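Taking it in order: structure first as structure tokens, then the write-up.
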Amino acid sequence: MHGAVAPGWLLVALCAAAGVACLLRTRSAVEEQRRTAGDEALMGFGMAAMAVPTAVLAPPRWAWLAYAAVFGAAALRALWAARTSPPHLHHAVGALAMVYTAAVMAVAPGAHGGHGSSGVPLVTGALLLYFTAYVLWAGVRLIPVAAVAGGGRSAGAMGWSDRPEVARACRLSMGIAMLAMLLAL
């Protein structure tokens, strides 16, 4: 991605940390949570790799094509899973956004996606709107209803990898990172 080196490394750190948290969530006792966590770990680590500042490492064209292929396969898998589990639809949108980002970088790695003076391309704008709405929605969902109501489960009642707020925080972090990557495109 383009832009300053320090913010780029912060984006790499955010995505890698989300990837690690998601990877740790794959220890869940619930199969669907393990599968979802694995998909999200792939997304976090892939976003971290793609966010490395180009001033430090400028990947060759084939690397961007490899990213597009990996995330294209992830999008197909998520679309297939979305038939029975609607939350996978968001994973498909995220993976397709990664395919789009990689394709733009493969075509014009030094041209900031070819935006130029004509403004933001339609696909980039649509993805920015989607991820902005998603980040706002996910942020609101992090507000614990039980804490507001004064009750709820005890923290020791479930394993760390089964805590829904950890999954929500990971998804929120990756949504914010996706917004940053799309803005830098």
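Where a number appears in this text, it was derived from the coordinates with a stated rule and is not lab data. Remember, predicted model here, so these are calculated numbers, not experimental data. Here the Cβ is made from the backbone with ideal geometry for all residues, glycine too, and neighbour counts use every protein chain on show.
What's the extension gain from Ala73 to Leu136 if we count 0.36 nm per residue and subtract their Cα-Cα distance?
19.9 nm
Under 15 Å from the Cβ of Ile176, count the other residues' Cβ atoms, weight Lys and Arg +1, Asp and Glu -1, and hand me the total.
+2
What's the extension gain from Leu183 to Arg163 if we count 0.36 nm per residue and subtract their Cα-Cα distance?
4.1 nm
Looking at region 43-97, which trypsin sites (Lys or Arg not before Pro) are in a loop (DSSP not H, G, I, E or B) and have at most 11 other Cβ atoms within 10 Å?
Passing sites in region 43-97 are Arg83.
Determine the shape class of region 12-83: with a ≥ b ≥ c the square roots of the Cα gyration tensor eigenvalues, call it rounded for a/c under 1.5, and otherwise prolate if a/b is greater than b/c, oblate otherwise.
Oblate, because a/c is 1.5 or more while a/b does not exceed b/c.
Note down the nm distance, to one decimal, between modelled labels 7 Å out along Cα→Cβ at Ala13 and at Arg83.
4.4
With a Förster radius of 35 Å, plug the Cβ-Cβ distance of Val120 and Glu31 into 1/(1 + (r/R0)^6) and report the FRET value to the nearest 0.05.
0.30
Please sort 19-28, 5-14 by packing, taking for each peptide the average over its residues of neighbouring beta carbons within 10 angstrom, highest first.
Final packing ranking: 19-28, 5-14.
Please list 3J(HN,Hα) in residue order for region 46-61, calculated via the Karplus relation 6.51 cos²θ - 1.76 cosθ + 1.60 where θ = phi - 60°; whole Hz, with x for glycine and proline.
Per-residue couplings from phi come out as x, 5, 4, 5, 6, 8, 4, x, 5, 5, 8, 9, 9, x, x, 4 Hz.
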